[in-house]
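As structure tokens, the structure follows; a few thoughts come after it.
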Amino acid sequence: MKKKAKLQYSNILAIVFIIASIYLIQAILLFKKIETGIRYFIIGVILIIDILIFVKLFFSKKKKKKKKKIIASVVFLVFSILFIFLGYNLNKIYSYFSNLNKKVVYSISLVTLKENKITDPSKLKDVKIGVNTEEEHKLAEDIIKKYALDKNNELVEYQDYRKMILDLYDGKVQYIFLQTNYVDIYSTDENFENIGEKIITIDTSQKEVTKEEVQLSGSSKDVSEPFTVLLIGIDSTVNGLQNADSFNGDSLIVVTFNPSTMHATMLSIPRDSYVPITCMGGIDNKITHSASGGAKCVINTIQNFLDIKIDYYMKINFTGVVDLVNAVGGIEVDVPYKICEQNSKRQFGKKMVYINAGHQTLNGEQALAYARNRKSNSNYCSKEWTTGVRNDFVRAEHQQEVIQAILNKMKNFSSIGDLEKILSVISKNFDTNMSESTIFSFYNIGKDVLLSSSSDSVITIDKLYLDGDGQMIFDERSGLVLWDYILNQRSLSEVKQALKNNLSGKKQELIKSFSYKYGENYSVRVIGKGYYDTKKYTLLPDMTGWTLTKAQKWLKDAGLTVEVQYTESNKENNIVLEQQYPASKRIDLIPNKKVILKIARKGGSSNTNQIDCLIDEENEKCIVPDFVGKNVDYFNNWAGGFSNMLDYKPLYEETSAKPANEILKQSVESGTTVSELLNSGKTLYITYAIAPKENNENTNTTTNTTDPSGGDPNTNTTTNTTPDPTPNTNETPGGNENPTPGTNETPSGNE
């Protein structure tokens, strides 16, 4: 019996060895496109050994000696342990990569202000609930049906989440449906920095779908061909990447790579870039706002305005950068100035992160602070930490530096443990639409980099730049006036060409001549940078308080027509009280090129048949008649026959040769059009007759010695006792009221 037991034990170890080798083979087969020849050679050797062992076990009749059995058992045991160890670690490494391709989750929450006492959806009655009508976010319907919210409440439809949040703040709605991770999405907006403190979630609905279902399966091309990757930086406060598909879009970097030339381009897209957003019906908006529609909206928007195909995308949680930088042992960065920034949890005060200027090794918190910093934070930091240029463009450059520094350090890992730490961080904080086989196809590129003495000698990178200028523009969706970055079309064209050149393998045309002075630093021109003739939009000004004439002239010069509606007001006649569209609205978006103005008119009534002489220039009411010999009342009736406010002033002469109030002179020839007067800014002087007064000690005598057609009307002297039967001089606009559309309409600043 003992002998038989020994034989079974030896056989069991042999079977364990075969099972362990199959487990290892399965793990090796997972790593497609990595050293294919070597992998298949190893698999072949293991299979041959397995076959030989199998044959020996079940078909060999030759008995083994005891010593050989012991040796074979030990070998089987050792190699079984080794194969299981290797197979386990290979499967573990593979799981890190497979976890990079996460599911897409659409998640919507019903939220309200914290001070709202009713937080049970089933108890909601007679309240207004905001609902977004976009196709991607109809999960709200599940919650609406669950609690029958449409029965006893009013559902208010919106097309923009930001507008909906503002209305919640203002009490126009009491509840709204919002993306579940709304704090991470909106807290970077200056209008919603405290959203996490003001809003609470009372119910949530979500749906998990594959990327294929949302048409984000990516390109089937292998990375041996030129490809494009979109890096999406998600600046959240939690470690680990939430897989909800809506996110903030503060950091967008487009990378093109050509493996045949080992050349890459890197383009940071400014968060405020004013471009057509595909999921918003193609209207222009900040590109960061496209992220609320998910990765699909961001990708389609970028493909549209850059005219390239995005093959792959990679979401990166910036908070995970802390762990990643620490995992690689810190990164080398040349910091241009001292930086004081909040930590990874967005905490100030004692939690602040400080970085000195100069070349140094940054730890994870410092690297994240460097990548995030775009403000001086003068409210929290002393003066020495607030110098230097800080804005979104500088931040984008810092982010590129951090990415490049991390890649430089990752090539120097020295153990499987280091690799595992790096992969663990990446697995939690990255998401992509790449398949595992696509990810593994990067192996050959990575091997060339790792085997080189310096990554710079293998891969060359052109950093591209989108030039432009800022402009405050009315946001058609949210109803806010926001700071937008208007892209320079020449810069955009140059960037698009550079992207296409790299993907096609065509070399970028170099500048062949340049000037250089000894003692001055020379820097290579950045592609797309240095254009200063950005064409901005003509925006509607705030015309309230303007005279009607001034408003009409501006609108005419801008190619718009005006409809005048008079309304009773205590304000001065012919002053603009309201305008149909808000200030800073793009005039090219005004329907029918027509603007309605509400104009002040004491008494409220007005001749609705008045003529606009800037439009109907040839109308007989818009032509200056010959007033000489006619009564002042004739002039008043003529001036009231058109809606434009003419600049006119009365003068008079004391004479007994003409009847009182008869017009003696006019400064403008008859036949002149009102339009000509308005456009030239000329004043129409009307001189009429009054009876001379007897000289006595108690009366001031007036003598008019001025020719109103050519002299200075201000030299006239006027008696205090003379009644003034002249037209209403309150309707006289100032002399310098000829603004030009599109000028001085562009304050700069941040949203």
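Numbers at a glance
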| quantity | calculated |
| --- | --- |
| Residue 551 touching a residue at least 12 places away in the same chain (Cβ under 8 Å), under 30 Å from residue 467 (Cα atoms) and crowded, with 19+ Cβ neighbours inside 10 Å | no |
| Residue match in region 453-474 (condition: touching a Lys or Arg at 6+ places or on another chain (Cβ under 9 Å), farther than 20 Å from residue 269 by Cα, assigned by TED's automatic domain parsing to the domain that holds residue 268 and at pLDDT 85 or above) | yes |
| Some residue of region 161-179 being closer than 30 Å to residue 435 by Cα and either in a helix (DSSP H, G or I) or touching a helix residue (DSSP H, G or I) at 6+ places or on another chain (Cβ under 7 Å) (or both) | yes |
| Residue match in region 275-288 (condition: buried (at least 22 other Cβ atoms within 10 Å of the Cβ), part of a helix (DSSP H, G or I) and not basic (Lys, Arg)) | yes |
| Residue under evaluation residue 314, criteria (1) surrounded by fewer than 20 Cβ atoms within 10 Å (Cβ to Cβ); (2) in a helix (DSSP H, G or I); (3) in contact with a Phe, Trp or Tyr (Cβ under 9 Å, 6 or more places away or on another chain), criterion not met | (2) |
| Only one of 628, 595 that is assigned to a strand (DSSP E or B) and at pLDDT 85 or above | 595 |
| Residue among 587, 615 that alone is closer than 22 Å to residue 481 by Cα and assigned by TED's automatic domain parsing to the domain that holds residue 679 | 587 |
| Unique residue being assigned to a loop (DSSP other than H, G, I, E, B) and either at pLDDT 85 or above or within 30 Å of residue 281 (Cβ to Cβ) (or both) when the list is 519, 479 | 479 |
| Any hit, region 438-446, residues being part of a loop (DSSP other than H, G, I, E, B) and either buried (at least 19 other Cβ atoms within 10 Å of the Cβ) or in the same structural domain as residue 254 (by TED's automatic domain parsing) (or both) | yes |
| Residue count, region 479-498 (criterion: more than 16 Å from residue 531 (Cβ to Cβ) and surrounded by fewer than 21 Cβ atoms within 10 Å (Cβ to Cβ)) | 4 |
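The values are calculated or read from the model by the stated rules, or taken from the named source; none is laboratory data. Since this is a predicted model, take the numbers as computed values, not measurements. So basically every Cβ, Gly included, is an ideal-geometry build from the backbone, and we count neighbours across all protein chains shown.
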